[in-house]
1. Taking region 306-333 only, how many residues are more than 19 Å from residue 43 (Cβ to Cβ) and in contact with a Gly (Cβ under 6 Å, 6 or more places away or on another chain)?
2. Suppose we filter 58, 31, 10 for residues that are part of a loop (DSSP other than H, G, I, E, B), surrounded by 13 or more Cβ atoms within 10 Å (Cβ to Cβ) and hydroxyl-bearing (Ser, Thr, Tyr); which single one remains?
3. Scan region 53-64 and give yes if some residue there is of a type in the set (S, T, N, Q) and closer than 28 Å to residue 118 by Cα, otherwise no.
4. Report whether or not residue 292 is surrounded by 24 or more Cβ atoms within 10 Å (Cβ to Cβ), closer than 18 Å to residue 110 by Cβ and either modelled with pLDDT of 95 or more or among the β-branched types (Val, Ile, Thr) (or both).
5. In region 34-55, what residues are among the acidic types (Asp, Glu) and crowded, with 17+ Cβ neighbours inside 10 Å?
6. Only one residue in 300, 244, 287 is crowded, with 21+ Cβ neighbours inside 10 Å, aliphatic (A, V, I, L, M), in contact (Cβ under 8 Å) with a residue 12 or more places away in the chain and farther than 21 Å from residue 159 by Cα. Which one?
7. Considering only region 187-201, I want to know if a residue exists there that is of a type in the set (Gly, Ala, Ser), buried (at least 16 other Cβ atoms within 10 Å of the Cβ) and part of a loop (DSSP other than H, G, I, E, B).
Amino acid sequence: MNKGLFDTRYPSSQDLREKAKRRVPKFAFEYLIGGAGEERNLKKNHEDIQRIELMPQYIKKLDSVDHAVELFGKTYNAPFGIAPIGLQGLIWPNSPMVLAKAAFQKNIPFILSTVTTSSIEDVASITEGNFWFQLYHPAEEKLKKDMLDRAWESGCRVLVALADTPSFGIRYKDIKNGLSMPPKLSLKNILQITGKPNWALQTLVYGQPNFATLKSYMPKNLNLGQLGKFMNDTFNGRLDEEKLKALRGQWKGKLIIKGVVNEVDAEKAVAIGADGVIVSNHGGRQLDAGESTIHSLSRLLEKYENKLTMMMDGGIESGTDIARCLATGAKACFLGRTFMYGVGALGKKGGIHTINMLDMQLRQVMDQLGCESTDELTRDLIVQDWGK
């Protein structure tokens, strides 16, 4: 990648996070950073990745570092992408469009969530159809078919079926802030908005966030009290083999299952003909008692790395973390919060900056390790059996 835009004041995810915290209302920022329950799973995701130690190789010829990766017939410039995030426009106005445009320009994968704040068609218009679509499974067959048709007609060729949200996680921060279903805009939240004038002005420019992809299916003049019922009635989050078989039969492109963390589900993914999985626990936002995604990935790779394209998200904050995950065996990694810190901190410049930041960090680590390509980032570089 060309270096392009990079703001030297924010060379790390932590720098972006601190800046974003100063610019985003507390209720929206806590929606982004929060996890389920006591947030133990949220913390483990990152801490367990950071425990991985890599062995550098210094006395070795190294001509150049190229971390391009091929995923499902397309070559991307980097082995990382932008994870799907719901209600992105609540965190920073117009952020899904900013990130989709940046991903397209820098040629990395971008996954659009069903419940984010830009529509399938709007994202397709700025990416020329080069995006992945994450599907919250609809309860009605007609709605599912229509959404799949819209995605396909927009150019999307990779469908990500969401498996790890059979129900909404219990997130204490969101409950306190009134961002449970249905959400409530309290006086406290209004006062928080007045203290973030840039966020408020951008919201006026781009409008209040809404579920843009779902807008055409919603009854007109739906109030907040009715929104929760609409979401519960419209989506059936729990997947089963029959639903996945039906999706496999309906979708002509590549099918990825996101949220696989155990051998039983991985076996079902193979059986229904999935092309890959994203090992994920929804960023620690669903089951606080679960294990970290890097541990799930490490265990599943032993049996499934030759049967499925194995990817992961959760707890990844830097290029060094990406290198650790690739060395463990992931084909690619996805980051959500780090990219939202980028747009929260830098607005429309945040997407490109964050990609360039991660690119710079990953290249430096690969140079230290003596790796010319991501294929050389192997488990042999891991110093010890960190998982035991």
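1. 2
2. 10
3. Looking only at region 53-64, we keep the residues that are of a type in the set (S, T, N, Q), and these are 57, 64.
Filter again for closer than 28 Å to residue 118 by Cα, leaving none.
No, region 53-64 contains no residue that is of a type in the set (S, T, N, Q) and closer than 28 Å to residue 118 by Cα.
4. Working: surrounded by 24 or more Cβ atoms within 10 Å (Cβ to Cβ): yes; closer than 18 Å to residue 110 by Cβ: no; either modelled with pLDDT of 95 or more or among the β-branched types (Val, Ile, Thr) (or both): yes.
For residue 292, the condition - surrounded by 24 or more Cβ atoms within 10 Å (Cβ to Cβ), closer than 18 Å to residue 110 by Cβ and either modelled with pLDDT of 95 or more or among the β-branched types (Val, Ile, Thr) (or both) - is not met.
5. Let us first name the residues in region 34-55 that are among the acidic types (Asp, Glu), namely 38-39, 47-48, 53.
Selection gives 39, 48.
6. Working: 244 fails: farther than 21 Å from residue 159 by Cα; 287 fails: crowded, with 21+ Cβ neighbours inside 10 Å.
Testing whether each residue is crowded, with 21+ Cβ neighbours inside 10 Å, aliphatic (A, V, I, L, M), in contact (Cβ under 8 Å) with a residue 12 or more places away in the chain and farther than 21 Å from residue 159 by Cα leaves just 300.
7. no
So that you can scan it fast, the table gives a plain yes or no per residue for (1) in contact with an Asp or Glu (Cβ under 8 Å, 6 or more places away or on another chain); (2) part of a helix (DSSP H, G or I); (3) surrounded by fewer than 22 Cβ atoms within 10 Å (Cβ to Cβ):
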residue	(1), (2), (3)
310	no, no, no
320	no, yes, yes
327	no, yes, no
342	no, yes, no
346	yes, yes, no
350	no, yes, no
355	no, yes, no
363	no, yes, yes
368	no, yes, yes
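The values are calculated or read from the model by the stated rules, or taken from the named source; none is laboratory data. Quick caveat: nothing in here was measured; it's all calculated off a predicted structure. Every residue, glycine among them, receives a Cβ derived from its backbone with ideal geometry; neighbour counts consider all protein chains shown.
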